[in-house]
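Read-outs: derived from the displayed coordinates by stated rules, not from any lab. Note that the coordinates shown come from a computational prediction; the quantities given were computed from them, not determined experimentally. Positions of Cβ are backbone-derived with ideal geometry, glycine not excepted, and every protein chain shown enters the neighbour counts.
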Amino acid sequence: MTTGSKAGRRVEWMLTLPSLLWLVVLFVIPTVLVLAISFRPPTPSGGVGDGWTLQTVLALRNPSYPVIVWRTLRLSAETALICLFFGLPVAYLMARSSDRAKRVLLLLVIVPFWTSFLIRIFAWKVLLHPEGVMKQAFAWAGLVAPDASLMYNEGAVLLVLVYTYLPFAILPLYAAAERFDFGLVDAAMDLGCHKFRALLNVFIPGISRGLATALVVVFVPALGSYVIPDIVGGPGGEMLGNKIAQRVFVDRNLPHASALSSLLTVAVVVPMLAGLALRRHRVRPGGVK
Amino acid sequence: MQIRRALSLVGVLAAVAIMAGCSRAGKPVLHVFNWSDYIKEDLVKVFEEKYGCRVVMDFYDSNETMYAKVKAGGGGYDVIFPSSYMVSIMHGEGMLMPIDRSKVPNLKYIDPDYTRFTMDPGSDHSVPYMISNSGIGYLKSRVPEVKSSWGMFDDASLAGRMTLMNDMRETIGAALKFLGYSLNTTNDFELAEARDVVIRWKKNIAKFESEQYRNGLASAEFLLCHGYNGDVMQVMEENDDVGYVIPEEGTSLASDDMVIPKDARNPDLAHAFINFLHEPEVAAENTAYIFYLCPNTASYKLLDAEVLEDPTVVLPEALLAKCEVIRDLGELNEKYTKVWDEIKAAQ
């Protein structure tokens with residue numbers, strides 16, 4: 001890419017400005033505020049005191065946190081991988097369908113968004129209800145004990161997380177697959193490659209951008225899950241989001257809640273910046289991409 | 001451009017504020033912030049007609065959410081219904097207006113037996129609204145051998161179908177009562193014992209839940225739940241199979257009070273509303289509907305025997321003596337937070 005002229009640069013700036021402003025006002029400033037509050041002392045009445053302290057940040061060494069952080073990371077990673085696993089074939093199928101079928105499939109992926117997120121989670125509660133049809137059927141088939149509950153365990157949390165985030169994985173995968181030149185797969189097969197290997201070695205690397213986007217778009221919001229583990233999770237299924245809510249609503253300790261959510265932000269932003277830096281590093285020596 | 005946008009935003013906000021001040025019909029408006037299902041709606045209509053005003057109600061699900069919103073300057077409410085411990089916090093922060101006793105003549109009916117459960121027995125800045133207790137709601141057909149004891153949560157045959165409240169003071173308090181301690185203790189050994197009891201109970205429960213247990217009981221998703229008396233009895237209205245017991249070891253009593261925030265726009269109407277809810281007929285009708293006891297002596301005579309003799313609404317003397325109100329412990333709340341964290345993290 002050639003470096004743009006001065007005028008070109010200005011146009012570039014003008015075009016970026018609205019989204020940049022949006023990001024600064026609605027993301028950077030609030031994040032910095034949250035970070036700042038985590039260095040303030042809490043007051044017993046639930047406010048934020050004056051002065052600065054390291055007490056709260058040091059309190060993050062709470063021995064119960066590693067378990068919750070690990071559970072949050074693990075559940076989010078599992079969600080992201082399962083979403084990719086199911087999203088890939090769907091995206092492939094959509095990209096290879098006729099235009100008409102494409103439109104219908106795309107609509108089917110998007111239709112659930114027309115219903116409130118909360119209502120869809122409550123629908124799962126009905127589906128998994130211990131006196132419900134599904135449970136009765138499983139119990140009749142001898143798969144579960146008659147008094148067991150399908151809900152309020154980690155499996156239920158994972159199930160509903162995957163259900164919620166699957167469309168977010170399908171859409172970027174589909175966008176990437178749509179741009180992919182399927183002639184390459186045919187070429188690979190003409191050269192004697194088995195279809196499955198052709199997909200694995202040609203199609204998947206070809207849509208790696210889409211894969212990376214899908215991974216991030218699922219993993220990052222899953223890290224911040226609060227409602228799902230709250231509604232279908234059991235007594236031992238807390239995620240970091242639930243802990244933050246407890247700090248705000250029960251303990252009335254805003255600095256501690258801020259410190260926890262800063263931790264979450266740092267955990268998300270640092271690897272992403274590192275990835276970005278790595279990529280830039282890789283591109284630069286050659287000069288041309 | 002940013003400044004212009006900011007200015008126009010201020011303009012919009014000012015317009016909203018002005019519109020909020022006077023209603024479409026020019027009637028005065030009373031803004032009420034209350035718990036859900038905590039007042040008989042028909043009584044609000046009676047009040048609106050009597051005073052030629054409009055009542056706008058918003059709802060909250062915990063004292064803390066309410067506090068956060070009001071503290072941040074939100075709402076512009078005239079009457080709020082916090083629990084006693086929250087009343088003392090808000091009073092400490094200088095957020096409440098003193099009650100003008102001359103505007104609330106019905107204060108004379110307040111039952112002195114119950115004012116010990118409030119933090120403001122003289123009704124200086126709050127007026128008691130309802131007395132509630134926490135206990136155990138259950139399905140009669142599924143739990144025929146129910147005992148009035150917190151020990152029910154040790155019953156492994158109900159594993160996965162019970163809930164404890166997702167409220168550290170209520171749930172740790174239940175364990176403390178089970179062990180025979182005060183639910184306001186700050187003794188580390190007693191708290192550690194209570195922690196181990198809750199961790200034992202945790203193995204048997206489906207989840208910690210303070211809201212959805214009502215639907216859960218109604219639909220037989222849960223068979224036995226730790227909950228508030230009025231909430232469970234409202235479910236009973238829908239489902240005859242639901243029962244409620246107060247554990248004999250004692251439990252927590254709470255007084256939810258009515259307060260007027262300092263920045264109320266309509267303090268006169270707010271006083272009138274508080275006074276109205278303590279009219280003996282109104283108080284009796286309200287209690288009979290929401291199944292919480294309004295501590296209003298003149299209203300007791302108007303209550304049906306069914307309500308008055310219900311030991312879960314009007315507690316017997318001996319049981320009442322074992323009950324306590326949850327007090328705000330200030331900095332010592334941290335002890336409960338620490339125990340609650342340990343309970344939540346335990347495997």
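List the chymotrypsin sites (Phe, Trp or Tyr not before Pro) within the range A:153-238 that fall in a DSSP loop (any state other than H, G, I, E or B) and whose Cβ has at most 16 other Cβ atoms within 10 Å. Those that pass, being in a loop and sparsely packed, are A:PHE182, A:TYR226. When the chymotrypsin sites (Phe, Trp or Tyr not before Pro) in the range A:1-99 are filtered for DSSP coil states and for at most 10 other beta-carbon atoms within 10 Å of their beta-carbon, the remaining sites are A:TRP52.
Taking the average, over residues, of other Cβ atoms within 10 Å as the packing measure, peptides B:63-73, B:306-316 rank B:63-73, B:306-316 from highest down. Cross-link pairs exceeding 22 Å between alpha carbons, from the set B:LYS40/B:LYS301; A:LYS135/B:LYS207; B:LYS71/B:LYS262; B:LYS69/B:LYS177: B:LYS69/B:LYS177.
The residues neighbouring B:ALA159, those whose beta-carbon lies less than 15 Å from its own, together hold a net charge of +2 under the Lys/Arg +1, Asp/Glu -1 convention. With K and R counted +1 and D and E -1, the other residues having a Cβ less than 11 Å from that of B:SER126 yield a net charge of -4.
Shown in residue order for the range B:340-345 are the 3J(HN,Hα) couplings computed by the Karplus curve 6.51 cos²θ - 1.76 cosθ + 1.60 at θ = phi - 60°: 5, 4, 5, 5, 5, 7 Hz (x for Gly and Pro). Each Cα pair under 8 Å and six or more residues apart adds its sequence gap; the mean of these over the residue count of the range B:255-345 is a relative contact order of 18 percent. I'd like the distance between the alpha-carbon centres of the range A:237-280 and the range B:275-331, rounded to an integer number of Å. Answer, in whole Å: 44. For an R0 of 35 angstrom, estimate the FRET efficiency from the Cβ-Cβ distance between A:ALA274 and A:GLU178 and round to the nearest 0.05. Plugging the Cβ-Cβ distance into 1/(1 + (r/R0)^6) gives 0.75.
Pairs of Cα atoms nearer than 8 Å and 6+ residues apart set the relative contact order; for chain B it is 25 percent. Alpha-carbon geometry of the range A:1-122: the Rg and the Dmax are 23.5, 64 Å, given in that order.
Under conditions of 20 °C and 1.002 mPa s, the protein assembly as shown yields 76 µm² s⁻¹ as its translational diffusion coefficient, taking Rh as the Kirkwood radius over Cα pairs in the Stokes-Einstein equation. Projecting the Cα atoms of A:VAL250, A:SER261, A:ALA212 onto the dipole axis of the range A:208-289, where Lys and Arg carry +1 and Asp and Glu carry -1 at the beta carbon, places A:ALA212 farthest toward the positive end.
Per residue of chain A, the DSSP helices (runs of n ≥ 4 H) give a summed -39500 (n - 2.57) that works out to -21500 deg cm²/dmol at 222 nm. Electrostatic tally near B:PHE33: other residues with Cβ closer than 15 Å to its Cβ, Lys and Arg +1, Asp and Glu -1, net -4. Based on alpha carbons, the Rg and Dmax found for the range A:111-254 are 20.7, 66 Å. Residues in the range B:211-216 carry Karplus couplings, in order, of 10, 6, 5, 5, 5, x Hz; the curve used is 6.51 cos²θ - 1.76 cosθ + 1.60 with θ = phi - 60°, and Gly or Pro positions show x.
Contact order for the range A:62-240, expressed relative to its length and based on alpha carbon pairs under 8 Å spaced 6+ residues apart, stands at 36 percent. Solvent-free Debye calculation, one equal scatterer per alpha-carbon of the range B:90-211: log10 I(q)/I(0) at 0.18, 0.19, 0.20 Å⁻¹ equals -0.98, -1.03, -1.08. Summarising the amide proton neighbourhood of B:TYR129: residues at separation of 5 or more, or on other chains, whose placed amide H is nearer than 5 Å comprise B:ASP256, B:ASP257, B:MET258. Rounded to a whole number of µm²/s, how large is the Stokes-Einstein D of the range B:193-347 at 4 °C and 1.567 mPa s, given Rh as the Kirkwood radius over C-alpha pairs? My calculation gives 70 µm²/s for D.
Each Lys and Arg adds +1 at its Cβ and each Asp and Glu adds -1 at its Cβ; summed about the Cα centre, the range A:62-240 shows a dipole of about 320 debye. Convex hull volume per residue, computed on the Cα atoms of chain B, equals 165 Å³. Annotation for the range A:1-47 versus the range A:68-139: alpha-carbon center distance of 33 Å.
Secondary structure note: in the protein assembly as shown, about 55% of the DSSP beta bridges are antiparallel. Calculated mean residue ellipticity at 222 nm for chain B: -12000 deg cm²/dmol, from DSSP H runs with n ≥ 4 weighted as -39500 (n - 2.57), summed, divided by the residue count and rounded to 500.
Overall dimensions of chain A, expressed as equivalent-ellipsoid semi-axes from the Cα gyration tensor (√(5λ), whole Å, largest first), are 37, 33, 17. Using θ = phi - 60° and the Karplus relation 6.51 cos²θ - 1.76 cosθ + 1.60, list the HN-Hα couplings for the range B:311-327 in order, rounded to whole Hz, with x at every Gly or Pro. In residue order, the calculated couplings are x, 8, 9, 10, 5, x, 3, 4, 6, 4, 5, 8, 8, 9, 9, 6, 9 Hz.
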